[in-house]
Amino acid sequence: MLGVLQKMSRAKLAIIGFVLIAAPFYFVAAALLKYGLGVGFLFDPLANFFAEPSRLRVLNLALTPVLFFGGSLLALALNVFAVLRRSGESARPGRFANLAVVVTSISLLAVLTTYGFLENFTHR
């Protein structure tokens, strides 16, 4: 596995990272727009789709932990590897994209963890 990662360019790892964080980024952005600013054009289609209990179960049991947390963690790991490794590639262009994925992944993980905690462990 490490050999495969070492052969991949920083740019490819950044693209993979951006793909992995696209779904959690969309969800967080849609929720912030809806509940922070009252603009629901991104969140309302999600709410309508997951209004059915069986779909909501899939969201809670599979999509949230696997896609949101797993994707963000994998994107973080791949791009931290890309930033820290030494290679003959030019440092600036690839590293900026990798750093953007790292910062975005950390931010998404922090927001999703905080949301999950507040949603499940606070008094209402």
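Just so you know, all these numbers are worked out from the coordinates, no wet-lab data involved. From a predicted model like this one, the values you see are computed outputs, not experimental measurements. FYI the Cβ positions are ideal-geometry reconstructions off the backbone, even for glycines, and counts take in every protein chain you see.
Taking 0.36 nm per residue of separation and subtracting the Cα-Cα distance, what length does fully extending L99 through N60 add? Kindly include the intermediate steps, with their values, before the conclusion.
Values: separation 39, 0.36 × 39 = 14.04 nm, distance 2.95 nm.
Length gained, L99 through N60: 11.1 nm.
Counting helices only, and only those DSSP H runs with n ≥ 4, report the 222 nm mean residue ellipticity of the chain as the sum of -39,500 (n - 2.57) divided by its residues, in deg cm²/dmol to the nearest 500.
Rounded to the nearest 500, it is -23000 deg cm²/dmol.
Just to compare against my own numbers: the Cα pair-distance distribution for the chain, 5 Å bins, whole % per bin, please.
2, 11, 17, 19, 18, 12, 9, 7, 4, 1, 0, 0
On a 0 to 90 degree scale, rounded to 10, what angle separates helix 71-84 from the longest Cα axis of the chain?
It is inclined by approximately 20 degrees.
Each label point is 7 Å from the Cα along the Cα-to-Cβ direction; what then is the distance between the points at E52 and F121, in nm?
Each label point is offset 7 Å from its Cα along the Cβ direction, giving 3.4 nm.
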